[in-house]
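Structure, as structure tokens:
The values are calculated or read from the model by the stated rules, or taken from the named source; none is laboratory data. Owing to the predicted nature of the structure, the values given are computational and were not obtained by experimental measurement. As a convention, Cβ positions derive from the backbone with ideal geometry for all residues, glycine included, and neighbour counts pool all protein chains shown. Ligands, DNA and RNA are excluded from the accessible area calculation, which covers all protein heavy atoms including side chains. Shrake-Rupley method; radii C 1.70, N 1.55, O 1.52, S 1.80 Å.
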Amino acid sequence: MQKKQPHDNGGSRIEISRRTFLHNTLLTGGAVAGAGLFQTFTTMNVAHAAAGSFSFAWVSDTHLYPKTLNTRFIEKAGRAFKEIEEMGSSFDFMIFGGDLAQKGDPVELQLGVDMLAEITSVKKHFIPGEHDWYLDMGEAWNRHFGESPWMFDHKGVRIIGLNTVGFAPDYWTAKGMSPKERMGHMEALDGSQAGPWSGLGREQMQWLSTALSDWPKNEPVIIFSHTPLYEVYPGWNFWVRDWRQVHEVLAPYGNVTNIHGHVHQPLYHETDNARFIGQLATSWPWPYPPTGVPALTRPMIRVDPGDIFDGVGWGTFDVTDAGVENEYKMWRKEVFAVAQHDSGTGDNGNQILTPRIADRDWTGN
Amino acid sequence: MKGMSKRYLLAAGCAVCVGLGVFGAVQESAAHKDPHDAATLKAFQDLFMEQVILGDRLFHGDPEAQQEMGVNLSKTGMACAMCHPISSDIHPHEFPKFQEQMSEFATLRDMVNWCIEKPNEGEVIDVNSEAMKALEAYMYWSNKGSVLDPGRH
Ligand SMILES: [Fe+2]
Ligand SMILES: [Fe+2]
């Protein structure tokens, strides 16, 4: 039987609905240089920061598998690393934001170490993701990339890197999970067993408070974390469970920017004194969660699941007197959806979802 | 596991058919000639949830579940749930519809096979297979309460 096809509309509908949207119309004013000229650079102006000018790159969520299993995530991470290496002289530093590996496997982490070693043109800083941590509780990660949290000052900005993945309430001991099982339950974003694993924990909260205590209240602070420092969707740990305390610690500081990974999608949120910017993965995009996407988020366009380079990429940040500008380096022309039916959130409004069931009663083998 | 499900169904079916002696010859195809009691409904529900749980395991790439069902849904280490946590962004209630990736009018089962073949690089399964039914059970169960809207893109 002849397959039914919709009428060919000459592609004009697609032209109209996929034009790049500029997020800064929602936010503080300021020119978005270049965005009109280079459609692939999708830019948003996110904050006023009285600081010396500098730029940095963010790359995260590479989720490397061993080469023997699949090379597509390796290809995409390699593409991002190569682009950063080529642009290295325009960045003061880069951040690797976690989820380098998929199963925390030593082979995967070593592959990541080797690939990151190819970036020599720019200074690198690292924070871990949950996929890097729960096989050996961060031992290999810390050995390769150093411990976190950390802080340094750069051209008038206090810069902090947090570890929001390494302090999960113990979900494994009582159930006698092996390290592999512990990692397996962590690996599934929608798993039921690992619980609210994302958080700073009491000690790191104290550390953050101390790290900021000598910093002038009106000077800019940039905080890197794998997971967002506010509540988006707890079921997928798109949060830190102790975000209310984090906000209390940050409250006295008037100019805070949190840049985070883990969500594999553009997210944007603001409070009185802070803004929170979600970054792309290089590996694959998560769908937007069914609830909790902040109103200020301009959702990314639905991606083509047949194109492994769609819906993924890395990010750049330019810090100037005028503000902090973020570009999503996504490997397609359109980053943000214009029409609701093209958007990852707008399209998902008609779903009613139930958390998974098969792992709920896991009691060990 | 498969065999057990079938026996379960048969037992439930027979409970319903008790007293239909005169229609004994068509007993297996007769349904709902007597009111369902609680035990029968529970048997139906248990059978359904057994399929949901199996589908959930397949959907999340469980190697044992795949082995049990004799399927290989992925050769890349990727699982359905990696792009569709809690079955989100599947919209089973919108099928059948034109599916751009395939350039054809497709059912949910067609789409499942596309995902197995393309992103997962696994081996496509028979659209009427036990594994497909289990996957379908899980996806519909996860999206329970979503309003039926066939054809929506
Ligand atoms: Fe990730
Ligand atoms: Fe993560």
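What to note about this one:
- Partner shielding of B:87-94 amounts to 5, given as the average count of beta-carbon atoms from other chains within 10 Å of each residue beta-carbon.
- When each of the peptides A:207-218, A:154-165 is scored by the mean number of other C-beta atoms lying within 10 Å of its residues, the order from highest to lowest reads A:154-165, A:207-218.
- Cα→Cβ-extended label distance, 7 Å offset, between A:ARG72 and A:LYS155, nm: 3.8
- With the simple spin-label model, which puts each label point 7 Å out from Cα in the Cβ direction, the A:ASP321 to B:GLU121 separation comes to 5.3 nm.
- Per residue, the accessible area of the stretch A:103-202 comes to 41 Å² when a 1.4 Å probe rolls over the protein heavy atoms.
- Cα gyration tensor of chain A - equivalent ellipsoid semi-axes, whole Å, descending: 29, 28, 21
- Across the stretch A:17-344, the mean sequence separation of Cα contacts (distance under 8 Å, 6 or more residues apart), normalised by length, yields a relative contact order of 24 percent.
- For chain A, a simple Cβ point-charge model (Lys and Arg +1, Asp and Glu -1, everything else neutral) yields a dipole of about 660 debye relative to the Cα centre.
- Summed buried accessible surface, chains A and B, 1.4 Å probe, nearest 100 Å²: 3100
- The distance between label points at A:SER178 and A:GLU231 comes to 3.8 nm (points 7 Å beyond Cα on the Cα→Cβ vector).
- Whole-number accessible area per residue in Å² for the stretch B:38-142, which is evaluated in the context of all protein chains at 1.4 Å: 40
- R0 of 30 Å, Cβ-Cβ distance B:PHE98-A:LYS124: FRET efficiency to nearest 0.05: 0.05
- Taking every DSSP helix (H) stretch of at least 4 residues in chain A, weighting each as -39,500 (n - 2.57) and dividing the sum by the residue count yields a mean residue ellipticity at 222 nm of -5500 deg cm²/dmol.
- The stretch A:290-297 - phi-based ³J(HN,Hα) in whole Hz, Karplus 6.51/-1.76/1.60, Gly and Pro as x: x, 9, x, 5, x, 4, 7, 6
- Largest to smallest accessible area among A:ARG79, A:ARG275 [probe 1.4 Å]: A:ARG79, A:ARG275
- A simple count of charges around A:TYR65, restricted to other residues whose Cβ falls under 9 Å of its Cβ and scoring Lys, Arg +1 and Asp, Glu -1, yields +1.
- When Rg and Dmax are taken over the Cα atoms of the stretch A:96-182, they come to 14.5, 49 Å.
- Accessible carbon and sulfur surface of the stretch B:38-142 relative to its total accessible area, %, 1.4 Å: 56
- Amide H within-cut-off set for A:ARG298, under 5 Å, with H built and near neighbours excluded: A:TYR268
- Interface burial in the stretch A:325-365, defined as at least 40 Å² less accessible area with all protein chains than with the chain alone at a 1.4 Å probe, covers A:ASP347, A:ASN350, A:GLN351, A:ILE352, A:LEU353, A:THR354, A:ARG356, A:ILE357, A:ALA358.
- In plain terms, the chain from A:SER213 to A:ASP307 could stretch by 29.1 nm, reckoned as 0.36 nm per residue minus the Cα-Cα distance.
- Split the accessible area of chain A by element, probe 1.4 Å, and carbon with sulfur accounts for 54%.
- Short-range pairs are left out: with C-alpha atoms under 8 Å and at least six residues apart, the relative contact order of the stretch A:202-321 is 21 percent.
- Positions from the stretch A:181-208 whose accessible area shrinks by 30 Å² or more when the full protein complex is built, not the chain alone, probe 1.4 Å: A:ASP190
- Close amide-amide hydrogen proximity is noted between B:PHE105 and A:LYS4, B:GLN99, each under 5 Å apart and 5 or more residues distant or on a separate chain (H modeled in the peptide plane; Pro and chain starts excluded).
- Out-of-range pairs (alpha-carbon distance over 31 Å; input A:LYS329/B:LYS133; A:LYS329/B:LYS97; A:LYS103/A:LYS329; B:LYS33/B:LYS97; A:LYS124/B:LYS75): A:LYS329/B:LYS133; A:LYS329/B:LYS97; B:LYS33/B:LYS97; A:LYS124/B:LYS75
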